Every structure is written in structure tokens, then in C-alpha cells.
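Q: Encoded as C-alpha cells, here's the structure I'll be asking about.
The values are calculated or read from the model by the stated rules, or taken from the named source; none is laboratory data. Model, not experiment: these values are computed from the prediction. All Cβ positions, even for glycine, are placed from backbone atoms using ideal geometry, and neighbour counts span all protein chains on display. Remember, those area values only see protein heavy atoms, side chains included, never the ligands or the DNA or RNA. Shrake-Rupley method; radii C 1.70, N 1.55, O 1.52, S 1.80 Å.
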Amino acid sequence: MPRTAVMNEKGLTLVDAINEALAQEMERDERVVCLGEDVGLNGGVFRVTEGLQKLFGPDRVIDTPLSESGILGTSIGLAMGGLRPVPEIQFEGFLGPAYDQIVNHAARFRTRTRGAITIPLTIRVPVGGGIHAPELHSDSPEAIYTHSPGIKVVMPCTPYDAKGLLVAAIRDPDPVIFFEPKRVYRSFRERIPEEEYVIPIGQAKVVTEGTDLTLVSWGASVFQCLEALDGLPEDVSVELIDLRTINPLDRDAIVQSVRKTGRCVVVHEAVKTAGMGAEISSIVQESCFLHLSAPVQRVCGFDTMMPYYKLELDYLPDAPRIREAIEQTLAY
Amino acid sequence: MPVRKAYSATIDYLQILDEHGVLDERLFKGDDGKPLLADETVRELYDFMVLNRIFDETAFKLQRSGRMGTYPQNKGQEAAAIGSGHALRKGVDWLVPCYRENSALFMHGLPMHSILLHWMGDERGNQIPEGVNCTPICIPIGTQMLHATGLAWAFKLRKEDRVVATYFGDGATSEGDFHEAMNFAGTFQVPLIFFCQNNQWAISVPRDVQTASETIAQKAIGYGMPTIQVDGNDLFAVYKATKDAMARARGGGGPSFIEAVTYRLADHTTADDARRYRDPKEVEAWQSKDPMIRLRKYLADRNLWSDEDQRQAEERARARTAEVIKTAETIEKPSRDDIFDYVFGAPLPPELDRQKQTMRTHSLGQDPSQVGLSATTG
């Protein structure tokens, strides 16, 4: 699909980048099919699949019945039958009905058949809060799927990373949940290569290098972290790591950084208890115990329901909360 | 404006060989006058039933003697599995089963010891050999029907002449996935046969507690699908209905539904005791409708099967079963690496690899400078 004048001039949004990756992968590999609710004619509720049905036809960009378990369960069968399905679940809050098919079936086929049947499957899911959406349109369930073996979990937050990671996900031989932080779907543009490239799953990215404290985040929270860093004194040097992939986790990146800085703060939108912050804190104390100068701090969503949108910004970690945690950890 | 009829439907019931072994000649011959199945084929299929009945009863004893874990007997449902399995093309069509149609899988090339391995707690029982077109038996109820729908859909999209048959029980029709699978299959007109083994019981819950629907077959009408109820203990009726559904699927006619009315003659599994909830009179009544009794009578009446044939068939079945058990029992325990090696395609993620190498999840006692760092970067 040719780029528009805006894209050429100002770069691509996250939505544009995902759309471009889908189009290029479908062009490259005729086994790749997109399916889901409203993904065809309408181009998806966020327009991520815009124009794809026109390019590839209704047999490759398929409008399905409104049926999440149906979409995931049939995608497993499509994968068994030699295709590379890329189903979309409209919002992360609607993953519930498909949960069984994802964790008990897609994830398990390779193990339970000792490799005789494998399920290459990329499940695209808009994720997270901050867009004034209705109930169950703003959650962050990445830890739930990371706690289930056999599924890779990816959550890029820039157009560049989204394109490269989506290509990697589609070419991966196993199920991947590809979470798309909807808060940054259209929040900025970035110039990225038009030709395809691959960002390997499982590699974190150092967003800003630093020596005093390691800030670990992913998804839309990375931008709240950047905002927090803007308000810090100039002599404070924070290393910000964007995990990009949640499972498999890039432990090396975290451990190497914390061994250098001795201090760590983890930021995520999801619920605090048993969230990924707990896992990362545990990795840090296992592997950086004698390097630590302060306890690891977590700045997360509360152990509550994600509130309706009038209160969502009170729930989501914001720059002041992150900055406070950084300052307290530095002062410890 | 008068009320008009928006839709009406009826459900056909097909029986060709009744419980007394009496044949409906007209149905058996069909419109073209050709017998539905040749005498020699009927003999072979009956012989195969004998093998499967003896295998099944021996598997039960294996569990009782502590040589195998929980096992769900297939006893009494042989005509449903074998009649439908025979209508599918080996090496071409696909079977997506639950767990009470072993014989259909064996017909299509699944090694018999695979089933024993599965119930002996060994995933290698699910390692379907290349060229055998089936998925492993599916323990959760009804989930496999969606996989079958997707698989049939893939064949349609790829323009491959293959049909998928998926098996499930009456209990499974209460699951959401059943309805989602039927809906997708109907909407996308995929080449699929929904084969319901209505064996009257889902563990202890009877058929009429599962649904207020008069037949299970009629549920398919809501999904725009041709549907039929058959005597599931009648090999001929099951074969005929499946053959018709096959022809429809291959001709672009989409999915079909078959409700095979049968009965679970044994307990749900070896962990169950059906005497707690079933009336012995009901079981007795169904015992006389056993699919094997009527088929043997059919063959004997036509001098196609003697008592000596029966003796020999049983002897062969016992010998074969003994061989299969020996194969299953002499396979070495899997390597503990197997726990890790199939979670993802190679290479393993570093943390998983560390757990595999050490068979430990804790980190103390390991080189502290390395823990958390993979070999390449440490």
C-alpha cells in the first residue's frame, strides 16, 4: 500500500505502522490472513486494517461473526491447516471469552503433541487506558498471559518497534499476543523505513541511558516515564528501559542495567499485585542483590477495577507519581 | 395482516438395520440399487468392531490393575465411530475427535498404542505421526469443534478437496464453543461434519437436563445446516448419513450435522461409577441394542459369519491388543528435557533454558555473576 503524503512528510503513527506491516506481510506470504470483528470492510474499529480487504480480498481479510472464542478457536484450526492467521480481538476486555482457546489450546498444542502440531498465530489486541473509552476497554492483562506458558507477549509503543515486532510475530512459529497501546495509536508520528525489517521478540530497548537509576516500563507508560524524566534535575541520570516484549522477558537488559545503577523503579498500567512489576522486582533481588542501594519500587495501576474514564487518569501512573518514586528511591 | 409461517422444519430419523438385525432393504440398496456396503466390507468392519471392543475392555482392566491412569471406555459406541470413520477418506480427510471414538482414529492410521500412552500419562501418545490426519483426543468439552471449523475453513480457502469430521457428545452441545463453531461453519460454509455421539449421559447428567430441545439434530437448523438424527448403533445408518454429508461437503454444500443416538454402555471413565445415577433397567434395555449384536446377527443370517469366525476374530483381537499393550508399556519414560523442549520452537528463551539445564527454579548456589544473564551476554 503506497504511503500518503502525510506519512512521507511527517512519518507514520502506530496505526499506520501496524497497517503497513500487515500489508507487507500479506504481500510477502499468501498464508497470512486477517480476521475478526469489523476488520474487513470497515477496516477495524481503530482502522488498523483499513484498506487491506480492498487489496487482498474478503478471503484474506475476513469479517467474522461477533464471537471471540470463535475467532480464536477457528484461528487455531486455520493455523493447523497451513495458514498464518492474524486475528484481532477488538479490545483487551473482550479477551475473556477467548481465554480458554488461547491458554488451553493455542499455547499447548506444541507441547501436548510433542511438536507434531504447532500454531503460528498472532493475536492483535488494542490494550490499556487513557482514551476515555467505555467499561472493559482500558485494561492491561499482559501478566495474565505471561503467566501462561507457550504464549509470547509483545507490547511495543513506537511505530518503529510496532512494525518490526509485528513482522517478527507473524513469522514466529508459535502464538504471540501483540498488544497495541491504544493511547499512543495516533499520539505521534515517527519516520520509519518503508521496507520490511524484523525486531526480534524478547529484546528490550534502552530508551535513555543513565547511571543513577533504572526505570523499567512498557506500552503507553513509557511516555509517562519520559515526561517524568523531563521534570528531574539535570544531574540525575536515569536509564529508561522499554521492555517491548513481556514474555520472554529480557532479563539480561534489566539485570545489566540495575547492576550498574543499583536502583530500580518499575512502571506499568496493570494492577500492582502479581503484576509484571512483582516479577521484575524478584529478578532484580535474585540477580542484583549486592548491587542494590534501595528497594525496588513499583508505580502501577491500583489493585482495583480500572475506573470509568472520569477517574482513569487518577488510576494510571502519571509523571508526578513516577517522579516521586524516582526521587524517593534516589534519596533512600 | 395474518400471521404467516416464517420458517418450519422437520428432523428425519434414519435407521437401516434395527436392533433385531432386521434390514430395511430399500434403504440399504438406495435409489441406484447398489448395496450400501459390500458383504466383505461389512465383515471387515464387524471384525474391526470386535478388535475395538476387546481393546477397550482390556484398557479398562489395565486401569483396574494399576497399569494405566484414568480411561474413558468407548464400549457401545463402535457403530457410530466406525460407520462414520469408514465414510471418510484415509489420508485425505481429517478427524477432530473428543475421546470416545478411538476406533475411528485407528481406522485412519493412529497407532493403537498412542491411545494407551495418552492415558498412561505420556504426551507422546498425542504425537500424531506424519500422514495420519487427526488431532489428538481432546479432554475439555467442545473446544475442538472450533479447531475443526478452522481446519475445514483453511481447506476451503486453500481449495483443497478435504473434509473434516469432528466428534463430540450430547453434553458438549451445551458449551458456548459448540454454538460458535456451528455458527462459523454455517456462515463460512466450510466442508465439515459435526458428528454428535448422543450417548444419553454427560457423566451423571442425562440428555434431558442438557437441553429442552426435542432432538439435538434440530439445533443445526438455527445455523443453516442440513441435519439428521440416526440410530447411532446402526452401522449402516451412520455410514449412509456420513457419506451423504461427505458428498455435500465435497460438492461445496458446506457443513452438515449428524446426531447419532447411542448409549454409553460403560461408566464415564474408570473414575466414575454409573450405578450411582443410572437405572439398571435403562442400561439393560440399551444392552440389547448393542451395535455389535445386531451386526453379527445380520452377518450370520446371511451366512457371512460363523461362530468359528467369531472365535478366531476374538483370538486375533486379544493377540493384537496384547502386542499394543506391550508396545505402550515398553516405551522408555520420556526425557525430562521434554518438559521444556516443546513450550516454544527452538531456541528456548534464556530463562527457560536455565531452568532446563539446572532443573531448578531457584538461583542460589549458581554463579551469582551469571544468574539472570544468558551465556552470550554474561
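Q: Given the options B:160, B:332, B:351, which has the most mean-square fluctuation in a GNM of chain B, springs set between C-alpha atoms less than 10 angstrom apart?
A: Per the Cα network of chain B with a 10 Å cutoff, B:351 tops the list.
Q: Please compute the modelled spin-label separation between residue A:28 and residue B:329, points set 7 Å along Cα→Cβ, answer in nm with one decimal.
A: 5.3
Q: Under 14 Å Cα-Cα from residue A:10, which aspartates and glutamates qualify once same-chain neighbours fewer than 8 residues away are excluded?
A: Residue A:10 reaches A:190, A:194.
Q: Roughly how many Å² of residue B:8 are accessible to a 1.4 Å probe, to the nearest 10?
A: The value for residue B:8 is about 80 Å².
Q: Got a sec? What order do A:7, B:112, B:359 fall in by accessible area at 1.4 Å, biggest, i.e. largest, first?
A: Descending order: B:359, A:7, B:112.
Q: Compute the separation of the alpha-carbon centres of region A:201-243 and region A:2-72 and state it in Å as a whole number.
A: If you average the Cα positions of each part, the centres end up 32 Å apart.
Q: Based on the alpha-carbon gyration tensor of the protein assembly as shown and its eigenvalue square roots a ≥ b ≥ c, which shape applies: rounded if a/c is under 1.5, prolate if not and a/b is larger than b/c, or oblate?
A: It comes out prolate by the Cα gyration axes.
Q: Restricting to the protein assembly as shown, what percent of DSSP beta bridges are antiparallel, rounded to 5?
A: Of those bridges, close to 15 percent are antiparallel.
Q: Charges only on Cβ, +1 for Lys and Arg, -1 for Asp and Glu: so what's the dipole of region B:1-78 about the Cα centre, in debye to the nearest 20?
A: 540
Q: While we're looking at this one, here's another question. State the percentage of accessible surface on region B:22-103 attributable to carbon and sulfur atoms; use a 1.4 Å probe and exclude ligands, DNA and RNA.
A: Of all accessible area on region B:22-103, carbon and sulfur atoms account for 50 percent.
Q: Enter the mean number of other protein chain beta carbons within 10 Å of the beta carbon of each residue in A:106-114, as an integer.
A: Taking the mean over all residues of the peptide, I get 6.
Q: Residue A:153's amide H: which non-local residues (gap 5+, or another chain) put their own amide H closer than 5 Å, with H modeled 1.01 Å from N in plane and none for Pro or chain starts?
A: Counting only residues 5 or more places away or on other chains, the set is A:177, A:246, A:247.
Q: Place a point 7 Å from the Cα of residue A:135 along the Cα-to-Cβ direction; which residues of region A:286-308 have their backbone N under 15 Å from it?
A: Of the residues in region A:286-308, A:305-308 have backbone N under 15 Å from the label point off residue A:135.
Q: Something else: With +1 on each Lys and Arg Cβ and -1 on each Asp and Glu Cβ, and nothing else charged, work out how big the dipole of the protein assembly as shown is about its Cα centre, in Debye to the nearest 20.
A: Using only the charged Cβ atoms, the result is roughly 1020 debye.
Q: I would also like to ask the following. Taking the Cα centre of region B:59-191 as the origin and placing charges on Cβ (Lys, Arg +1; Asp, Glu -1), which of B:155, B:117, B:168 is farthest toward the positive end of the dipole?
A: B:117
Q: While we're looking at this one, here's another question. Give the lysines reachable from residue A:260 as a straight Cα distance under 24 Å; neighbours fewer than 8 places away on the same chain don't count.
A: Filter leaves A:205.
Q: May I pose another question? Would you give the gap between the C-alpha center of region B:215-248 and the C-alpha center of region B:103-132, rounded to a whole Å?
A: For region B:215-248 versus region B:103-132, the Cα centre distance is 27 Å.
Q: Using a ≥ b ≥ c from the Cα gyration tensor of region A:14-129 (square roots of the eigenvalues), is it rounded, prolate or oblate, where a/c under 1.5 gives rounded and otherwise the larger of a/b and b/c decides, a/b for prolate?
A: oblate
Q: Any chance you could look up the accessible area of residue A:64 with a 1.4 Å probe, heavy atoms only, rounded to 10 Å²?
A: About 20 Å², rounded to the nearest 10.
Q: Something else: Just check region B:13-330 against the gyration tensor rule for me: Cα atoms, a ≥ b ≥ c as the square roots of the eigenvalues, rounded for a/c under 1.5, and otherwise prolate or oblate depending on whether a/b exceeds b/c.
A: In terms of gyration-tensor shape, rounded.
Q: So what is the relative contact order for region B:167-278, in percent, with contacts set as C-alpha pairs under 8 Å and at least six apart?
A: Relative contact order, region B:167-278: 35 percent.
Q: Which percentage, to the nearest 5, of the DSSP beta bridges contained in chain A is antiparallel?
A: Expressed as a percentage, antiparallel bridges in chain A total about 15.
Q: Turning to a different aspect of this structure: Taking beta carbons within 10 Å but only from partner chains, what does the mean come to for residues B:181-187?
A: What the average comes to for B:181-187 is 4.
Q: On a 0 to 90° scale, report how tilted helix B:307-330 is relative to the longest principal axis of chain B, with both axes built from alpha carbons and the result rounded to the nearest 10.
A: 10
Q: Something else about it: If you build a Gaussian network model of chain B, linking Cα atoms that sit under 10 Å apart, which residue out of B:181, B:271, B:245 swings the most?
A: Among B:181, B:271, B:245, the largest mean-square fluctuation in the Gaussian network model of chain B belongs to B:271.
Q: Which trypsin sites (Lys or Arg not before Pro) does region B:297-339 hold that lie in a coil by DSSP with at most 14 other beta carbons within 10 Å?
A: Counting only loop positions with at most 14 other Cβ atoms within 10 Å, the trypsin sites (Lys or Arg not before Pro) in region B:297-339 are B:302, B:336.
Q: Size of the dipole of region A:26-144 about the Cα centre, Lys and Arg at +1 and Asp and Glu at -1 on the beta carbon, nothing else charged, in debye to 20?
A: The calculation lands at about 640 debye.
Q: In degrees between 0 and 90, to the nearest 10, how far off the longest principal axis of chain B does helix B:235-250 point, with axes built from Cα atoms?
A: 70
Q: Here is the link list: B:5/B:240; B:243/B:297; B:34/B:240; B:5/B:243; B:75/B:297. Which ones come out longer than 22 Å on Cα distance?
A: Exceeds cut-off: B:5/B:240; B:243/B:297; B:5/B:243.
Q: For chain B, set up a GNM with springs between Cα atoms under 10 Å and report which of B:339, B:54, B:137 has the largest fluctuation.
A: Sorting by GNM fluctuation, first place goes to B:339.
Q: Write down the percent of antiparallel bridges among all DSSP beta bridges whose residues are both part of region A:114-257, to the nearest 5.
A: Given both bridge residues lie in region A:114-257, the antiparallel proportion sits at roughly 25 percent.
Q: Still on this structure, I have one more. Residue A:310: which lysines have alpha carbons under 23 Å from its alpha carbon, excluding same-chain residues fewer than 8 sequence positions away?
A: A:182, A:272
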